[in-house]
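Beneath this line is the structure, given in structure tokens, with notes to follow.
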């Protein structure tokens with residue numbers, strides 16, 4: 001189990017339990033992707049300041065090596081980070097299953113603890129990058145049967161989320177909004193219902209918002225809803241100042257988690273005085 005990165009540590013450290021995903025345990029609740037950065041050096045810096053302990057890596061051959069022939073794995077501290085191989089770019093259950101197997105073989109050779117799991121993405125079309133729910137369910141069933149701990153990227157549909165959990169998914173990861181859109185959590189009520197369905201009788205079941213995060217407040221909002229973590233990539237990689245945004249995303253999850261655990265006040269139509277009305281010094285009534 002790692003720490004929360006540099007600095008004075010998580011705001012929630014003495015207030016919260018760690019994030020548990022199968023056999024993996026993390027203090028940070030931010031999972032960060034490794035794609036779309038201008039350089040591998042920039043990626044490495046952003047991962048560092050984000051405080052993440054778990055990073056996703058697309059394991060298809062063409063996504064591991066850049067135009068200069070450099071391998072992304074050479075820029076990741078494999079002793080510091082648990083790698084989460086993902087099946088990004090797959091549009092069928094068969095392709096996703098093959099890619100997951102490739103990821104497991106790769107990380108076994110690297111002796112990284114991420115070899116036992118996969119972030120499953122089976123996309124429905126190239127325009128929206130929304131998941132194919134039928135193919136995702138099929139791939140989940142097969143990969144679970146092969147011993148994978150499957151973290152499923154899916155829509156925010158509660159029924160689909162429930163079916164994926166029943167199929168054996170280690171974590172269900174509903175999208176806040178489409179991949180890379182930066183729209184944040186578009187339907188918080190659906191996320192709330194997903195949480196209700198997935199945690200019914202199983203309050204420790206991990207639910208992670210995946211995709212659509214544009215800024216730190218999106219992360220905070222997701223965490224305040226009660227999800228267990230947030231997975232993001234583009235929001236940092238394509239920010240005007242990626243390094244600054246990485247710091248902001250870290251602060252966002254910490255603030256949102258602490259606010260959720262602390263319990264917000266109820267919303268009211270009318271004002272409620274913050275000072276007591278009894279014993280107030282005032283003019284004597286006649």
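Only a single item in (1) modelled with pLDDT of 95 or more; (2) not in a helix (DSSP H, G or I) is not met by residue 224, and it is number (2).
Does residue 128 count as at negative phi and out of contact with any helix residue (DSSP H, G or I) (no Cβ under 9 Å at 6 or more places or on another chain)? Spelling it out, residue 128 is indeed at negative phi and out of contact with any helix residue (DSSP H, G or I) (no Cβ under 9 Å at 6 or more places or on another chain).
For residue 166, state whether it is surrounded by fewer than 23 Cβ atoms within 10 Å (Cβ to Cβ) and out of contact with any helix residue (DSSP H, G or I) (no Cβ under 9 Å at 6 or more places or on another chain). Answer is yes for this residue. Is it the case that region 262-283 has a residue that's crowded, with 20+ Cβ neighbours inside 10 Å and over 26 Å from residue 157 (Cα atoms)? No, that holds for no residue. When you look at residue 256, is it at negative phi and assigned to a loop (DSSP other than H, G, I, E, B), yes or no? No. Filtering region 185-217 to residues that are at pLDDT 95 or above, under 20 Å from residue 32 (Cβ atoms) and out of contact with any strand residue (DSSP E or B) (no Cβ under 8 Å at 6 or more places or on another chain) leaves 214, 215, 216, 217. Taking the criterion of being more than 17 Å from residue 228 (Cβ to Cβ), touching a strand residue (DSSP E or B) at 6+ places or on another chain (Cβ under 7 Å) and either crowded, with 23+ Cβ neighbours inside 10 Å or at pLDDT 95 or above (or both), the residues of region 18-49 that qualify are 33, 34, 47. Within region 170-195, being closer than 24 Å to residue 27 by Cα and in a helix (DSSP H, G or I) holds for 191, 192, 194, 195.
Let's see how each residue does on (1) under 22 Å from residue 26 (Cα atoms); (2) at pLDDT 90 or above; (3) surrounded by fewer than 16 Cβ atoms within 10 Å (Cβ to Cβ):
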position: 60; (1), (2), (3): no, no, no
position: 99; (1), (2), (3): no, yes, no
position: 104; (1), (2), (3): yes, yes, no
position: 108; (1), (2), (3): yes, yes, yes
position: 123; (1), (2), (3): no, yes, no
position: 126; (1), (2), (3): no, yes, yes
position: 129; (1), (2), (3): no, yes, no
position: 133; (1), (2), (3): no, yes, no
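In region 136-169, of all residues being assigned to a loop (DSSP other than H, G, I, E, B) and within 22 Å of residue 23 (Cβ to Cβ), the one that is nearest to the chain's Cα centre (by Cα) corresponds to 169.
Being assigned to a helix (DSSP H, G or I) and either touching a helix residue (DSSP H, G or I) at 6+ places or on another chain (Cβ under 8 Å) or more than 21 Å from residue 180 (Cα to Cα) (or both) is the requirement here; does residue 83 meet it? Quick ask: steps written out before the conclusion?
Details: assigned to a helix (DSSP H, G or I): no; either touching a helix residue (DSSP H, G or I) at 6+ places or on another chain (Cβ under 8 Å) or more than 21 Å from residue 180 (Cα to Cα) (or both): yes.
Criteria not met by residue 83.
Among the residues of region 198-255, the ones that are under 18 Å from residue 21 (Cβ atoms), surrounded by fewer than 20 Cβ atoms within 10 Å (Cβ to Cβ) and touching a helix residue (DSSP H, G or I) at 6+ places or on another chain (Cβ under 6 Å) come to 2 in all.
The values are calculated or read from the model by the stated rules, or taken from the named source; none is laboratory data. The model shown is predicted, which means the values in this text are computed figures rather than measured ones. Virtual Cβ from ideal backbone geometry, glycine too; neighbours counted across all protein chains shown.
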